[in-house]
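Reviewing the structure listed below.
The values are calculated or read from the model by the stated rules, or taken from the named source; none is laboratory data. Values in this document were obtained by computation on a predicted structure and should not be read as measured data. For neighbour counting, all protein chains shown are included, and Cβ atoms are generated from backbone atoms with ideal geometry for every residue, glycine included.
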Amino acid sequence: MRPYRPEDRDGVRRVYADTAFFGRPVEAYFDDRELFADLGVSVYTDHYPDYIFVADDAGNVVGYILGSPTGDVGVHAHTLKSLPRILGRLATCRYRIGCKTLVHVGMSVWAGLRGELLEIRSAEYPANLHINLTAGYRGHGLGAALMRAYLDKLRSAGVPGVHLVTTNRHRAALRFYRRVGFQLLQEKQTQMWRRYVDGEVRLMAFGLKLREAGRVSVAGRLGGNHAT
Ligand SMILES: CC(C)(COP(=O)(O)OP(=O)(O)OC[C@H]1O[C@@H](n2cnc3c(N)ncnc32)[C@H](O)[C@@H]1OP(=O)(O)O)[C@@H](O)C(=O)NCCC(=O)NCCS
């Protein structure tokens, strides 16, 4: 586990796409992983590289934690600025747009219009985070090590709290976040995955306060047996 370096960019994008469908590859619902990564993860590698930590196996990125100390506000502003570049690539056919992508975009817009999406804008939990490990590297303490590094980085920047959004279908991740000390802030049922997933899907937002009192408890919860 170590801080991100510019040469990790492709590896982070690969893990992002490999884990995007409930821990499995994004191709289940999206056609082009370059477009997917440009929309979802470029903002972090371009603008918040100091807030990325990677798990590295012999030079290969096998996992990451990343986020922004100012959360969705800063991320959306940077994403908007990158849209002309992405639209230019779309116009010149640099991305593959198929049925899966069109359906996913439609389902996302529809979910947004129905008020099913969760976004946390809170002074108590301003930072956000995303964490993912490649299958085969899970359950060995790498997630805990990445989490410790990211929370320490936020604390040293004076950030008071951090939030994340996951779903009720990310069962291992839910146990992991609760073990770190994250508390449920909000949840909402969504129809946006009904084409791909049987049964109910609920989006769940969790928050963790990073004040000094939490420092001991979070470090204690994650234990010492997961260090890399
Ligand atoms: C969620 C994830 C980041 C956790 O990282 P990890 O390296 O697998 O977790 P760790 O081995 O560090 O485990 C830390 C704690 O989390 C809990 N945990 C993690 N995976 C678990 C599992 N499969 N079952 C039960 N508990 C689990 C355990 O309580 C563990 O603490 P313990 O060892 O004291 O019992 C990783 O499994 C992952 O990337 N999963 C797939 C993608 C994903 O769901 N990402 C989150 C999207 S919101």
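Numerical summary
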| read-out | value |
| --- | --- |
| Output for segment 52-101, where each listed residue is small (Gly, Ala, Ser) and surrounded by fewer than 14 Cβ atoms within 10 Å (Cβ to Cβ) | 58, 59, 77, 88, 91, 98 |
| Positions within segment 112-140 being surrounded by 18 or more Cβ atoms within 10 Å (Cβ to Cβ) and among the small types (Gly, Ala, Ser), in sequence order | 127 |
| Qualifying residue in segment 105-128 (condition: closer than 25 Å to residue 30 by Cα, in contact with a helix residue (DSSP H, G or I) (Cβ under 9 Å, 6 or more places away or on another chain) and of a type in the set (Ser, Thr, Tyr)) | no |
| Near pairs, Cβ below 9 angstrom, 6+ apart or cross-chain, from segment 163-181 (modelled with pLDDT of 95 or more and within 6 Å of the ligand (Cβ to nearest atom)) to any residue that is among the hydroxyl-bearing types (Ser, Thr, Tyr) and in a helix (DSSP H, G or I) | 166/177; 170/177 |
| Residue check, residue 5 within 15 Å of the ligand (Cβ to nearest atom), charged (D, E, K, R), surrounded by fewer than 19 Cβ atoms within 10 Å (Cβ to Cβ) and more than 21 Å from residue 94 (Cβ to Cβ) | no |
| Qualifying residue in segment 149-158 (condition: buried (at least 20 other Cβ atoms within 10 Å of the Cβ), within 9 Å of the ligand (Cβ to nearest atom), in contact (Cβ under 8 Å) with a residue 24 or more places away in the chain and not aromatic (Phe, Trp, Tyr)) | no |
| Candidate set: segment 181-197, residues that are in contact with an Asp or Glu (Cβ under 7 Å, 6 or more places away or on another chain) and part of a strand (DSSP E or B); chosen: the one surrounded by the fewest Cβ atoms within 10 Å (Cβ to Cβ) | 189 |
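Yes/no matrix, rows are residues, columns are (1) within 25 Å of residue 200 (Cα to Cα); (2) assigned to a loop (DSSP other than H, G, I, E, B); (3) not aromatic (Phe, Trp, Tyr):
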| site | (1), (2), (3) |
| --- | --- |
| 131 | yes, no, yes |
| 135 | yes, yes, yes |
| 139 | no, yes, yes |
| 143 | no, no, yes |
| 153 | no, no, yes |
| 163 | yes, no, yes |
| 166 | yes, no, yes |
| 174 | yes, no, yes |
| 179 | yes, no, yes |
